[in-house]
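So the structure is just underneath, and the comments pick up after that.
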C-alpha cells in the first residue's frame with residue numbers, strides 16, 4: 001500500500017456538523033479464506049465513545065489498521081470526515097498498548113510527547129518556541145508536568161501511558177484510536193488514563209474508538225459497543241449488546257453475561273485461536 005504524499009492536517013479533516021467522523025459502508029476484511037468481518041456499516045459521531053470488543057483473532061486490531069490507512073478493505077469503503085482514509089493523517093490520534101520503555105533509554109518524558117508535535121516533519125528535529133509551548137500544554141493536559149524531564153524508562157507504566165496520551169493528542173485529532181491502552185496497568189492508572197480519554201472527547205468533541213478485552217474500566221463512559229466474533233459483528237448500547245441471548249446468538253453457542261457490583265463478566269465464550277492480525281507490534 002502506498003502512503004499519501006501529503007497527509008491532511010487536523011483542520012482540513014474537521015467533519016461538518018451533520019456528518020460522522022468515521023464511516024464504514026459495507027466494509028469487509030479477511031485473510032485467505034477466513035473472513036474477519038463483512039458487511040460492516042458503522043458511523044461514529046463527534047464526541048462518541050465506541051468500545052470494540054471480541055476475542056483474539058476477531059479483527060479488532062485490523063479494524064484500527066484500516067482506519068489508520070495501513071490495511072485495505074477487501075470490499076466496501078471507510079471515510080474520515082467524509083473523505084477517503086489516508087495514511088499519516090494527523091487528525092487521527094493513536095494510543096498503543098502500554099509497553100514499558102527500557103531503563104536507561106535516553107529519552108525524557110517531554111521528548112516522547114514532542115515526537116507527536118514535530119516527529120512528522122522531514123529532517124532532524126528543530127526546537128521551536130511554538131513547539132515547546134505546545135509540548136508544555138500537552139504535558140499539563142495529561143498531568144505529566146511533574147515528571148516531564150525525567151527519563152521515560154524510570155517512570156511507572158501509568159506515567160508512561162499518560163505521556164503516550166499526550167503524544168496522541170498533539171495533532172488535535174478529531175478521532176482518537178485506542179488499542180488496549182489499559183493493558184497491564186493497575187486499577188488506579190486504568191482509571192486515570194480512562195478519565196483522560198473521556199475528558200478529551202467531552203471537551204473537544206473528539207470521537208473515540210477504544211479496543212479492549214475488558215470493557216469494565218470504561219463501561220460508565222461507553223456510548224456504543226461494536227462486538228466482533230466468529231466472522232460476524234453486532235453493535236448497540238452496552239445494555240443492548242452485553243446480554244446472554246445476544247452473545248449466544250452471535251457465537252452460536254451458550255454464552256452467559258453476568259452483572260455483579262457494576263461489573264460485567266462474559267462466561268462461556270469459545271476459545272479463540274491466535275491469528276496474525278491480532279499480533280500487536
Problem - Per-peptide average of other Cβ atoms within 10 Å, ordering 87-100, 24-37, 158-171 highest first - result: 158-171, 87-100, 24-37
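Can you pull the Kirkwood radius for the range 124-199, inverse mean 1/r over Cα pairs, to one decimal in Å?
For the range 124-199, inverting the mean 1/r across all distinct Cα pairs yields 13.2 Å.
For the chain, what is the calculated [θ] at 222 nm in deg cm²/dmol (nearest 500), taking -39500 (n - 2.57) for each run of four or more DSSP H residues and dividing by its residue count? Walk me through the numbers on the way to the answer.
Details: 7 runs with 73 residues, N = 281.
The per-residue figure over the chain is -7500 deg cm²/dmol.
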Handout entry: Angle between the chain longest axis and helix 129-141 axis [Cα atoms, degrees, rounded to 10]
Key = 50 degrees
Fill in the blank from the handout: Mean 1/r over distinct Cα pairs of the chain, inverted to a Kirkwood Rh in Å, yields 19.6 Å
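For the chain, what proportion of DSSP beta bridges, expressed in % and rounded to the nearest 5, is antiparallel?
Details: 25 of 42 bridges.
Around 60 percent of the beta bridges assigned by DSSP in the chain are antiparallel ones.
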Practice task
Report the antiparallel proportion of the DSSP beta bridges in the range 122-237 as a percent, rounded to a multiple of 5.
Solution key: 50 percent
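Just to verify a number: FRET efficiency for residue 115 and residue 136, C-beta to C-beta distance, R0 = 22 Å, to 0.05? Show your work: numbers first, answer last.
Working: r = 15 Å, r/R0 = 0.68.
After rounding, the FRET efficiency stands at 0.90.
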Handout entry: Between 0 and 90°, nearest 10: helix 157-168 axis offset from the chain longest Cα axis
Key = 80 degrees
Handout entry: Pairwise label distance in nanometres, residue 146 with residue 202, each label 7 Å out on the Cα-Cβ vector
Key = 2.2 nm
Practice task
Report relative contact order for the chain in percent, whole number only (criteria: Cα-Cα under 8 Å, sequence separation at least 6).
Solution key: 25 percent
Exercise for the section: Just grab the label-to-label distance for residue 239 and residue 261, each label 7 Å out from Cα along the Cβ direction, in nm (one decimal). Expected result: 2.4 nm
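Counting other beta carbons within 10 Å of each residue's own, what order do 228, 107 fall into, fewest first? Mind dumping the intermediate values first?
On the way: 228 24, 107 14.
Going from least to most buried by this count: 107, 228.
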Fill in the blank from the handout: Fewest-first ordering of 222, 101, 208 by Cβ atoms within 10 Å yields 101, 222, 208
Problem - Angle between the chain longest axis and helix 187-204 axis [Cα atoms, degrees, rounded to 10] - result: 80 degrees
Handout entry: FRET efficiency, 1/(1 + (r/R0)^6) with R0 35 Å, evaluated for residue 107 and residue 70 via beta carbons
Key = 0.90
Practice task
Work out how far the C-alpha atoms of the range 79-212 reach from end to end along every principal axis, then list the three figures in whole Å, largest first.
Solution key: 44, 39, 24
Handout entry: Listed residues 78, 264, 211, most fluctuating in the chain (Gaussian network, C-alpha, under 10 Å)
Key = 264
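Coordinate-derived values only; no laboratory data. It should be emphasised that the depicted structure is a prediction, and the values quoted were computed from it without experimental measurement. A quick note on method: Cβ atoms are made from the backbone with ideal geometry, for glycine too, and the neighbour counts reach across all protein chains shown.
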